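Every number here is computed from the coordinates shown, using simple stated rules; none is lab data. Computed from a predicted model, the values in this text were never measured in an experiment. Here the Cβ positions follow ideal geometry from the backbone for every residue, glycine too, while neighbour counts run over all protein chains shown.
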């Protein structure tokens, strides 16, 4: 909706900032950490034009003896996007900001869960249907924190990491 | 002061460019910048409430006071994954 007056624009801008602040409050306070450990989490972030090789990623997994859970998630391009048949999606990233925002999220994960490592690969460029566009792995002592951390990371990524998709019909 | 503005995703289509330079008076805010940009690119006006704004690599609110040399990025809600 277009602003009809300068006063209306200012009110809309204040509402926008307030909504952003409330969302952050909900994300950061209501979903409070269940753990207070602050381990140094091993991070691996890759934003790439190359296809995601899940087998190669799995073969490079490293876990210490105290770790009992590995959760990984692959996001795959569907053949239907917004009720339309598609054959591919093109991903675009504002890469320096995407890397920065991912690292902020990884730092937040360190505070919230006692995870040992996080690895994330996100495709950019054209990704065909049935091909993975996202691969995330979290290693933690127990499944609870591994699942929670992995889901939180993906949810937050979809909120703050500047990556966009353009379907090809 | 001159502010470099970068557009991402379909904002490039709405504006017909990936970047532009705007001139603002000292003390100008992101809200002021958006006012100028929507006057110049009316198609952005319809997206104003959902437009995300970053200065450098960090998000900033509409009240953020810009300074000479800031690199501002405007884009629609993100869609990764």
Unit-weight point scatterers at every alpha-carbon of chain B, Debye formula, q = 0.15, 0.22, 0.25 1/Å: log10 I(q)/I(0) is -0.46, -1.03, -1.36
The rounded separation in angstrom of the Cα centers of region A:141-169 and region A:70-108 is 8
Tilt, helix B:30-40 to longest principal axis of chain B (alpha-carbon atoms), in degrees rounded to tens, equals 70
Region A:50-169, convex hull of Cα, quarter of hull surface, nm² -> 7.7
With a Förster distance of 25 angstrom and the Cβ-Cβ distance between residue B:12 and residue B:55, calculated FRET efficiency to the nearest 0.05 equals 0.85
